[in-house]
């Protein structure tokens, strides 16, 4: 064993490294748990008892020497790198790298603008999980197990557990917020949602929504209307008007579709609005008392309103985009057009 120790000591003394790979090779051979020194320490039990103490001392000295050498090699390698950086002259014949900046995705631009508008009137931004359970995605929102309203949304179910789904709307975030907190609530919930639909110019299986919720004492439908009117004017211009058409949603009563006045001045306007001058951008209504009650809120004391809209829908209207698939195809020619809006 004494000869082996002396041979390893000599090898350590003469060891040099030129790069990270050689340094790692040294570490594996002399420092790691499976190193040659570790093997010698494990075999010390085979040394004759009268020589075991002396062998142990020599092995400890060898171990300390290997670690000191390792630190020395690290220092030498860092010094080599610093020296190379100091004297490394760039190749002046290379062409310059184009100074090009990317652009923010149009969906992100629209999302940020919507968030900004609602934050300025006191709404906070709340997020939640994209993989939801049946209770938060359906039942707590007044979707009974066999209710026809469930057929309004084509859902992705997790195969091994039919009670777990990819959320079909961000209303599930509203449920979680109401269950976990105490009124008043004033928040918006932007996020990605999933529907089992065929991809086309007008539909996609993955898209983005932003929903809003306001629950407090004495919240009325007039509050809902004025909030949405303010939003429409901020996003589409001060001359924008809105109308609310009666509709149906399981979680609001009364419910309405939200339209904005786009105009009918040009042929393009008539084509987009189908000659009516109005464009639908979302749905809204007063929170159903059952939903409040299922979330632990007394509907006799509190009322609230909720609204929701598709971010892709808003972006298509705002930027006059005809094909929904452009948002996810990452065509640089399409995305470059939005650099001016950053």
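Laboratory data are not the source of any read-out in this text; all were calculated from the coordinates shown. Please read all numbers here as calculations on a predicted model, not as lab measurements. Note that we place each Cβ from the backbone using ideal geometry, even for glycine, and neighbour counts take in every protein chain shown.
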Quiz item: [x] 1.00; [y] 1.66; [z] 1.25: which one is Cα Rg over 2.2 N^0.38 Å as calculated from this entry?
Solution: [y]
Exercise. At 7 Å along the Cα-to-beta-carbon direction for both residue 131 and residue 247, put a label point, then send me their distance in nm to one decimal.
Key: 3.1 nm
Practice problem: Just grab the label-to-label distance for residue 6 and residue 76, each label 7 Å out from Cα along the Cβ direction, in nm (one decimal). | Solution: 2.4 nm
Quiz item: From a point 7 Å beyond the Cα of residue 61 in the direction of its Cβ, which residues of region 5-41 have a backbone N at a distance under 18 Å?
Solution: 5-14, 37-38, 40-41
Exercise. Based on other C-beta atoms within 10 Å, arrange 21, 293 from fewest to most.
Key: 21, 293
Exercise. Using only the Cα atoms of region 277-342, build the gyration tensor, take square roots of its eigenvalues as a ≥ b ≥ c, and label the shape rounded, prolate or oblate: rounded if a/c is under 1.5, else prolate if a/b is larger than b/c, else oblate.
Key: prolate
Quiz item: Distance from the Cα centre of region 195-273 to that of region 293-342, in angstrom?
Solution: 10 Å
Quiz prompt | Angle between the chain longest axis and helix 106-119 axis [Cα atoms, degrees, rounded to 10] | solution = 70 degrees
Practice problem: Mind sorting 290, 26, 15 by how few other Cβ atoms lie within 10 Å of their own Cβ, fewest first? | Solution: 290, 15, 26
Practice problem: Between residue 201 and residue 222, with labels modelled 7 Å along Cα→Cβ, what's the label distance in nm to one decimal, could you check? | Solution: 4.5 nm
Quiz item: In deg cm²/dmol and to the nearest 500, what is the mean residue ellipticity at 222 nm of the chain if only DSSP H runs of at least 4 residues count, each as -39500 (n - 2.57), divided by the residue total?
Solution: -12000 deg cm²/dmol
Exercise. Working from Cα positions, state the angle (0 to 90°, nearest 10) between the long axis of helix 2-14 and the longest principal axis of the chain.
Key: 60 degrees
Quiz item: What FRET efficiency would be calculated for the residue pair residue 93, residue 325, taking the C-beta separation as r and a Förster radius of 51 Å, to the nearest 0.05?
Solution: 0.70
Quiz item: What angle do you read, to the nearest 10 degrees and between 0 and 90, between the alpha-carbon axis of helix 171-180 and the longest principal axis of the chain?
Solution: 80 degrees
Practice problem: Provide the packing ranking of 108-115, 39-46, 315-322, 53-60, i.e. peptides ordered by the mean count of other C-beta atoms within 10 Å per residue, highest first. | Solution: 108-115, 315-322, 53-60, 39-46
Quiz item: Fully extended, how many nm does the chain gain between residue 318 and residue 33 (0.36 nm per residue separation, minus their Cα-Cα distance)?
Solution: 96.3 nm
